[in-house]
Amino acid sequence: MKIFDSIQDFSSSKKTILTLGTFDGVHIGHKKILEKLILNTQNKEFESLVLTFFPHPRMVLQEKSEIKLLNTIPEKVKLLEAIGIENLVIHPFDEIFSRLTAEEFVTTILVNQFRIHKIIIGYDHRFGRNRTANIDDLIGFGEKYGFEVEQISVQELNDISVSSTKVRKAIGEGDIKLANSYLGYNYFMTGIVAEGKRLGRTIGFPTANLKIKEDYKLIPMNGVYVVKSILNHTAVYGLMNIGFNPTVGENELSIEIHFLDFEGDLYGQEIEVSFLDYIRSEQKFDSVLLLKEQIEKDKKIAQHFIKEMH
């Protein structure tokens, strides 16, 4: 997959069939559109192109937006590449770009820059300054400037009935199974294993302390989860705790993973951790001994869950 950092950077010898959107989560609804895109370019006469934006438009246009995103840019790239997209343009979204009229967007970007043959878009897509143009306007521009418009029907999208907002809500409430069913894959986070306080080691549960670089990444609700990573090319399961470690009086959010069958030094490594199930909320225990007993119970629940999976 070719990746371009702006609309102006894009060039191709072929005409394009494209779709556009934020595609946060690259969930099963997005995949429906993306698979249509790939289907349309199978004869190799045209190239598939996805136009997406960063920052998320809501981060720019809504003054107090504290929206957290399902994917970091590298995670989104990975998911789109796995689907088979040929070209990805990640355009910097800013206020100047948001002020383009619908017709300016169509002529300068779709027609002149992307040499568009066809656009595939949801029936409810709105675009242009203040998002005033709709699918009917786009069809009109298509007739005027010589490109096709294929719309995803209400029925098709309602059959799936998934949105990035729904996924965010499920993750924010710890409903990982529901979120994963919407996504079509297990929600995951990518981070660096950093030096922690080594408290887990003192009670027999050494943990990897995960630091997420991107502050816009959505962290699931505080609590204990069953997770999975690929370490040294092997699937390894673990328990993840997201929270403030109230039993030992921490006040900074930490993300710690106790891997069940793994020994080795992970410090400084970037790892990807997928969420499989939610076990319980974070609790404050009256002693470290009671905390240790609870982790033993959590471990048994996780082992049972993993056994049921296989």
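The values are calculated or read from the model by the stated rules, or taken from the named source; none is laboratory data. Because the structure is predicted, anything quoted here is derived from the model rather than measured. Quick reminder, even Gly has a Cβ in these numbers, built from the backbone with ideal geometry, and neighbours come from all protein chains shown.
Counting the residues of the stretch 24-55 that are in contact with a strand residue (DSSP E or B) (Cβ under 6 Å, 6 or more places away or on another chain), outside any helix (DSSP H, G or I) and either outside the structural domain of LEU110 (by TED's automatic domain parsing) or not hydroxyl-bearing (Ser, Thr, Tyr) (or both) gives 8. Hey, any hits in the stretch 97-115 for a residue that's under 25 Å from the mean Cα position of the chain (by Cα) and either at pLDDT 95 or above or surrounded by 15 or more Cβ atoms within 10 Å (Cβ to Cβ) (or both)? Looking for residues that are under 25 Å from the mean Cα position of the chain (by Cα) and either at pLDDT 95 or above or surrounded by 15 or more Cβ atoms within 10 Å (Cβ to Cβ) (or both), one finds at least one in the stretch 97-115, hence yes. Is it the case that VAL167 is surrounded by 21 or more Cβ atoms within 10 Å (Cβ to Cβ), out of contact with any Lys or Arg (no Cβ under 9 Å at 6 or more places or on another chain) and either in a strand (DSSP E or B) or modelled with pLDDT of 95 or more (or both)? The answer is yes for VAL167. Taken over the stretch 239-294, the criterion of being of a type outside the set (Ser, Thr, Tyr), part of a loop (DSSP other than H, G, I, E, B) and in contact with a Gly (Cβ under 8 Å, 6 or more places away or on another chain) is satisfied by LEU253, LEU260, PHE262, GLU282.
Here LYS118 fulfils each of the conditions (1) exposed (fewer than 14 other Cβ atoms within 10 Å of the Cβ); (2) part of a strand (DSSP E or B); (3) basic (Lys, Arg) apart from (1). Selection of first residues in the stretch 287-302 that are at pLDDT 85 or above and of second residues that are surrounded by fewer than 16 Cβ atoms within 10 Å (Cβ to Cβ), restricted to Cβ pairs under 6 Å at least 6 apart or on distinct chains, gives the following pairs, ordered by first then second residue: LEU291/PHE285; LYS292/ILE203. So for the stretch 144-157 (the condition being crowded, with 18+ Cβ neighbours inside 10 Å, β-branched (Val, Ile, Thr), assigned by TED's automatic domain parsing to the domain that holds GLN8 and within 21 Å of HIS56 (Cα to Cα)), does at least one residue qualify? No, that holds for no residue. Looking across the stretch 56-82 at every residue that is in a helix (DSSP H, G or I) and among the hydrophobic types (A, V, I, L, M, F, W, C), the one that is farthest from the chain's Cα centre (by Cα) is identified as LEU61.
If I go through the stretch 206-226 residue by residue, how many of them are farther than 20 Å from LYS292 by Cβ and in a strand (DSSP E or B)? Of the residues in the stretch 206-226, 3 are farther than 20 Å from LYS292 by Cβ and in a strand (DSSP E or B). Scanning the stretch 121-143 for residues that are in contact (Cβ under 8 Å) with a residue 24 or more places away in the chain, crowded, with 18+ Cβ neighbours inside 10 Å and assigned to a helix (DSSP H, G or I) yields a count of 2. Scanning the stretch 258-281 for residues that are modelled with pLDDT under 95, buried (at least 18 other Cβ atoms within 10 Å of the Cβ) and hydrophobic (A, V, I, L, M, F, W, C) yields PHE259, LEU266. Take the residues in the stretch 212-238 that are farther than 29 Å from GLU66 by Cα and out of contact with any Gly (no Cβ under 8 Å at 6 or more places or on another chain); name whichever of them is surrounded by the fewest Cβ atoms within 10 Å (Cβ to Cβ). So the residue we want is HIS233. Summed over the stretch 57-86, residues that are in contact with a Leu (Cβ under 6 Å, 6 or more places away or on another chain) and surrounded by fewer than 20 Cβ atoms within 10 Å (Cβ to Cβ) total 2.
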